[in-house]
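Novice: Structure below; questions to follow.
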């Protein structure tokens, strides 16, 4: 039976600085690398057939550290921006607390936690709600990742909070309200044991 492991990247520089990150390609912090090493240690003994990650270095580095820890540095890795974090538009690079002071906590909460309301995009010309993120992440998941699972392969995905929330919503049939309350901690592997129809036999977070 296939195993799917989803891992959000370790702490990034802008996680530490409490900034909206989105598609800005910031690195891991020292703590973030340590978190990635620990994730790998928790996955030790597990063998994967293929790995997927985003187009951003914080997810790629997390994956590289995990593969180093489990002794699978030669594993095939497929990278795609479809697994990127949600694009936060004009909020990218802004401190979250300062943004709340500027726009009001209620408005920022709507941008951050609503399912289908994107942040402002006047400067960038682009932004995404969680619904928008799912609209690019889930077709990639279905077209590129699911075929391996249906063959009984073990798959590791290192990506981001919102792209992974989209996948979890899909797998676990969560409602819009339920997915908004879902928080994936940095570098905590979420392990799914599946049957070949992708029915979940068991799931757990490794801590």
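The values are calculated or read from the model by the stated rules, or taken from the named source; none is laboratory data. Note that the structure is predicted; figures quoted are calculated from it, not measured. Note: ideal-geometry Cβ built from the backbone for every residue, glycine included; neighbour counts use all protein chains shown.
Novice: What are the residues in segment 166-187 that are within 21 Å of residue 43 (Cα to Cα) and either touching a helix residue (DSSP H, G or I) at 6+ places or on another chain (Cβ under 7 Å) or buried (at least 21 other Cβ atoms within 10 Å of the Cβ) (or both), if any?
Specialist: Within segment 166-187, 167, 184, 186, 187 meet the criteria.
Novice: Considering each of 85, 35, 98 in turn, give the residue that is modelled with pLDDT of 95 or more and more than 20 Å from residue 128 (Cα to Cα).
Specialist: Result of the check over 85, 35, 98: 35.
Novice: OK, next. Does segment 143-165 include one or more residues that are surrounded by fewer than 16 Cβ atoms within 10 Å (Cβ to Cβ), without any contact (Cβ under 8 Å) to a residue 24 or more places away in the chain and closer than 26 Å to residue 57 by Cα?
Specialist: Yes: one or more hits.
Novice: Quick check on residue 139: is it touching a residue at least 40 places away in the same chain (Cβ under 8 Å), closer than 20 Å to residue 8 by Cα, surrounded by fewer than 17 Cβ atoms within 10 Å (Cβ to Cβ) and under 16 Å from the mean Cα position of the chain (by Cα)?
Specialist: So residue 139 passes the test.
Novice: Give segment 101-128 a look and list any residue that's buried (at least 16 other Cβ atoms within 10 Å of the Cβ) and without any contact (Cβ under 8 Å) to a residue 24 or more places away in the chain, or say none.
Specialist: If the condition is that a residue be buried (at least 16 other Cβ atoms within 10 Å of the Cβ) and without any contact (Cβ under 8 Å) to a residue 24 or more places away in the chain, then 103, 108, 111, 112 are the ones that fit.
Novice: Let me confirm something: among 1, 46, which residue is at pLDDT below 95 and surrounded by fewer than 23 Cβ atoms within 10 Å (Cβ to Cβ)?
Specialist: On the way: 46 fails: at pLDDT below 95.
Testing whether each residue is at pLDDT below 95 and surrounded by fewer than 23 Cβ atoms within 10 Å (Cβ to Cβ) leaves just 1.
Novice: Further, regarding this structure: Which one of these is without any contact (Cβ under 8 Å) to a residue 24 or more places away in the chain, on the phi < 0 side of the Ramachandran plot and touching a strand residue (DSSP E or B) at 6+ places or on another chain (Cβ under 8 Å): 204, 199? Talk me through it step by step, then tell me what you get.
Specialist: Values: 199 fails: touching a strand residue (DSSP E or B) at 6+ places or on another chain (Cβ under 8 Å).
Only one candidate passes the filter, namely 204.
Novice: Only residues in segment 28-40 that are at positive phi and surrounded by fewer than 24 Cβ atoms within 10 Å (Cβ to Cβ) count as the first member; pair them with residues that are modelled with pLDDT of 95 or more and not in a strand (DSSP E or B), Cβ under 8 angstrom, at least 6 apart or cross-chain, and list the lot.
Specialist: Qualifying pairs under 8 Å: none.
Novice: Do you know which of the residues in segment 4-27 that are under 18 Å from residue 206 (Cβ atoms) and in contact with a strand residue (DSSP E or B) (Cβ under 6 Å, 6 or more places away or on another chain) is surrounded by the most Cβ atoms within 10 Å (Cβ to Cβ)?
Specialist: 7
Novice: Across segment 4-19, what is the number of residues that are under 11 Å from the mean Cα position of the chain (by Cα) and farther than 30 Å from residue 197 by Cβ?
Specialist: Final tally of qualifying residues: 1.
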